[in-house]
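Read-outs throughout are calculated quantities, based only on the coordinates presented, and are distinct from any laboratory measurement. If you're wondering where the values come from, they're calculated on a predicted model, not measured in any experiment. Glycine gets a Cβ as well: all are built from the backbone with ideal geometry, and neighbour counts include every protein chain shown.
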Amino acid sequence: MRLTATALAISITGCSFVFVDGPPKNHSQRPSFDCSSSHAVPVLDAVFAALEIANFALAAYDTDQDWNDTYKNQAPFSRKTGLAIYGVLAALGASGSYYGFDRTTACREAKAELAARQARQPAPVVPGWPPPPLAPVAPVAPPPPETPPPAPAPETPATP
């Protein structure tokens, strides 16, 4: 079980080396580019490094007898081997975190430069846009007022 946990820890440490991309070298000449601007992966590396530093400190504090008593004399490796493993994993996590924060910060700065460059450039002219102004339209005359219908003729009484 302990060996499986160690193998898993080795495989997940330093994720920034794999999952973080900095800006391209020629980003100042490119009209657009993509890179990693989120600090999530470097933060995970920092948390992992902190856990491995804690493991290292606990193993360093223990004696060989305490180490063996903890695992009921069935430790997957010796305390000195554990110290070496925890130290290497902490160093990988810390260096991955440093690399990740460095690359994501550079990406954010490069994207800010790109946005500033794009704000200074005039919008590209698209042929036919905007459309030419419309010709003025002659005003339409209002309709003539309606004439009231003629009044009905008075009725004449009938003569007998």
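Can you give the calculated 222 nm mean residue ellipticity of the chain, where each DSSP H run of n ≥ 4 adds -39,500 (n - 2.57) and the sum is split over every residue, rounded to the nearest 500 deg cm²/dmol? Please report the intermediate quantities before stating the final value.
On the way: 5 runs with 87 residues, N = 160.
About -18500 deg cm²/dmol.
Let me check I've understood the local charge: for THR63, count other residues with C-beta under 11 angstrom from its C-beta, Lys and Arg +1, Asp and Glu -1. What total comes out?
Working: positive: ARG79; negative: ASP62, ASP64, ASP66, ASP69.
Spelling it out: positives minus negatives among the neighbours equals -3.
Starting from the 7 Å offset along Cα-to-Cβ, what nm value, one decimal, do you get for the label separation of ASP21 and ALA141?
Placing both labels 7 Å beyond Cα along the Cβ direction yields 7.0 nm.
For segment 1-144, calculate the relative contact order in percent as a whole number, restricting contacts to Cα pairs under 8 Å that are 6 or more residues apart.
Details: 130 pairs, mean separation 50.9, N = 144.
Here the relative contact order equals 35 percent.
Would you kindly enumerate the cysteines in the chain that have no other Cys beta-carbon under 4.7 Å from their beta-carbon?
CYS15
Pulled fully out, how much extra length does the chain show between LYS72 and ARG30, if you take 0.36 nm times their separation in residues and subtract their Cα-Cα distance?
Using 0.36 nm per residue and subtracting the Cα-Cα distance, I get 9.0 nm.
How many nm separate the modelled label positions at GLN65 and VAL47, each set 7 Å beyond the Cα in the direction of the Cβ?
The answer from the label model is 3.8 nm.
May I ask you to list, by number, the DSSP H helices of the chain whose Cα span along the axis is at least 18 Å and whose average Kyte-Doolittle hydropathy reaches 0.0 or more? Kindly include the intermediate steps, with their values, before the conclusion.
Working: long enough: 40-61 (32 Å, 1.60); 79-120 (61 Å, -0.16).
Sorted by number, the helices that extend far enough and score high enough are 40-61.
Among (1) 0.98; (2) 2.65; (3) 1.82, which is the computed Cα Rg over 2.2 N^0.38 Å?
Working out Cα Rg over 2.2 N^0.38 Å from the coordinates points to (2).
What net charge do the residues around PRO31 carry, taking every other residue with its C-beta under 14 Å from that of PRO31, with Lys and Arg at +1 and Asp and Glu at -1?
Details: positive: ARG30, LYS111, ARG117, ARG120; negative: ASP34, GLU113.
Result for the neighbourhood of PRO31: +2.
Would you please put 138-146, 25-33 in order of how densely packed they are, using the mean number of other Cβ atoms within 10 angstrom per residue and starting with the highest?
For the peptides 138-146, 25-33, the packing ranking is 25-33, 138-146.
Going toward the positive end of the dipole of the chain, with +1 on Lys and Arg Cβ and -1 on Asp and Glu Cβ, which of ALA84, ALA141, PHE48 do you reach last?
ALA84
Arrange the peptides 63-74, 91-102 so that the one whose residues have, on average, the most other Cβ atoms within 10 Å appears first.
Values: 63-74: 11.2, 91-102: 19.9.
Per-residue mean Cβ counts within 10 Å order the peptides as 91-102, 63-74.
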